[in-house]
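Participant: Sharing a structure, written as structure tokens. Questions coming.
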Amino acid sequence: MEAQLTMASVKTLTKTLACLSRYSDDMDILALPNSLTLSATNSSKSAYCRLLLRPSFFSSYSVRTPGSSFRSADTQVEEGRSVKARLKTKLLLSYLRHRNHEKGVRSVKLIIREPPQDGSSVAPGTDEESSDEERSMESRMLVKFFCDHGVVKQHRLTLEHPDELLAPAAEEDPQQKTVVISRPALRSLLDRMRVGASKADGQISCEFNPADLIVKTAADKGEIYTEVKMIGTDLIRYDAGNTSTSLSFHIREFSATITLAESLEKYLTLTFTAAPAPLILAILPTNPEEKEGDDWEFQAYIATSRATDVTTDANSALRRDRDLNMNLRQTSLSGEKIWENHRWDMMKIRMMMLLRLSPHRLLANHLARLSVRSFKYHDPAKLDPPEHILQPIELLPFVFLLSILPTLQ
């Protein structure tokens with residue numbers, strides 16, 4: 001497989017690869033005579049995305065079987081002829097968006113070389129370097145940068161062979177609903193969900209009501225919670241039906257797709273039904289109303305569940321924190337002193353820092369633990385601690401003397 005790209009196409013490819021890297025570390029490559037597909041599936045198999053590039057996206061594009069002569073996409077398609085490979089997405093991304101390539105690079109060529117099949121030979125007319133790649137028993141990708149003054153930079157990446165290429169198959173549903181969001185709305189939505197995008201437990205809850213769309217973000221067990229409401233008439237297209245539909249899903253893949261659509265200045269199309277059917281995201285190079293053929297398309301599938309599961313957990317965590325703060329406030333207003341355990345823990349940490357320099361740290365450590373443990377089990381409802389328990393501040397001179405004792409000898 002050989003594909004040559006202009007720098008404008010490289011920018012589009014780079015932004016899309018950054019999105020794919022948020023789905024998975026690995027990227028599957030499927031090269032056919034009439035298309036090149038790059039796909040990624042997350043580790044839990046709950047999200048999938050793919051970028052389909054047609055031959056018109058490239059300056060030149062061709063696919064051949066190992067050891068055979070090149071055939072362009074305009075020639076007759078040979079049944080079963082394809083190139084499959086797997087590559088680390090961030091590895092290719094690091095070469096394509098290197099800052100040294102911003103100036104002086106005119107075009108980029110991606111070449112995939114596979115081991116020759118049994119009984120096949122190197123095609124005539126190939127150069128010595130290409131023949132060496134053909135004889136290699138490993139699949140490789142060559143990334144060539146054609147720069148000014150005839151300079152050519154080349155990088156070799158080792159490819160893996162995937163066991164199988166999986167892709168979700170969405171069945172047609174007459175009750176399928178569609179929402180199209182413009183770039184300004186995407187930017188507003190992305191700004192409000194950015195606080196939870198990097199959280200491991202970040203969740204998105206979408207309520208598609210007949211007249212509006214409500215997007216809720218919850219993370220850190222409910223400590224982070226945002227809500228955005230969009231009026232249906234303000235969106236490019238809002239076909240949510242006459243009944244409300246609630247969906248929830250992980251924030252990582254969803255925010256990555258929104259970031260891609262916003263950076264490309266395109267529309268984002270959401271197609272959905274009731275849970276657990278997947279949410280289908282699509283980014284189109286042109287407006288949905290236009291009928292011209294496009295040279296690339298992007299689609300993503302995200303598994304969904306009922307939104308009440310996420311909102312209930314977030315609301316319960318918020319209520320628990322609110323009740324705790326209310327109890328602490330009532331206790332302080334009643335005039336009772338609250339002996340906070342973390343104060344004694346910080347005192348213990350300071351003591352341990354001094355003990356690191358002392359050869360008598362075992363005895364001092366025992367005294368420090370004894371004092372902290374006594375306060376830990378003290379009743380906070382009492383105004384004053386018992387008189388027979390030493391204050392931690394009274395132990396500091398003793399601990400300090402133990403720490404400097406070796407220097408005094």
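The values are calculated or read from the model by the stated rules, or taken from the named source; none is laboratory data. Being a predicted model, the structure only gives us computed values, none of them experimental. Neighbour counts are summed over all protein chains in view; Cβ atoms, including those assigned to glycine, are modelled from backbone coordinates with ideal geometry.
Participant: Would you confirm, using the coordinates I've provided, whether residue 238 is outside any helix (DSSP H, G or I), outside the structural domain of residue 92 (by TED's automatic domain parsing), surrounded by 13 or more Cβ atoms within 10 Å (Cβ to Cβ) and at pLDDT below 90?
Facilitator: no
Participant: Would you check if residue 278 is modelled with pLDDT of 90 or more, surrounded by 13 or more Cβ atoms within 10 Å (Cβ to Cβ), out of contact with any Gly (no Cβ under 7 Å at 6 or more places or on another chain) and not polar (S, T, N, Q)?
Facilitator: Taking the combined requirement at face value, the residue satisfies it.
Participant: Can you pull out the residues in the stretch 288-307 that are at pLDDT below 60 and touching a strand residue (DSSP E or B) at 6+ places or on another chain (Cβ under 7 Å)?
Facilitator: 288
Participant: Just for the stretch 66-102: of the residues that are of a type in the set (Ser, Thr, Tyr) and at pLDDT below 60, which one is nearest to residue 302 (Cα to Cα)?
Facilitator: Among those residues, the one meeting the criterion is 72.
Participant: For residues in the stretch 139-152 being part of a strand (DSSP E or B), more than 27 Å from the chain's Cα centre (by Cα) and in contact (Cβ under 8 Å) with a residue 24 or more places away in the chain, which is surrounded by the most Cβ atoms within 10 Å (Cβ to Cβ)?
Facilitator: Restricting to residues being part of a strand (DSSP E or B), more than 27 Å from the chain's Cα centre (by Cα) and in contact (Cβ under 8 Å) with a residue 24 or more places away in the chain, the top hit is 145.
Participant: Take the stretch 246-271 and flag every residue that is among the aromatic types (Phe, Trp, Tyr) and at positive phi.
Facilitator: Those that are among the aromatic types (Phe, Trp, Tyr) and at positive phi: none in the stretch 246-271.
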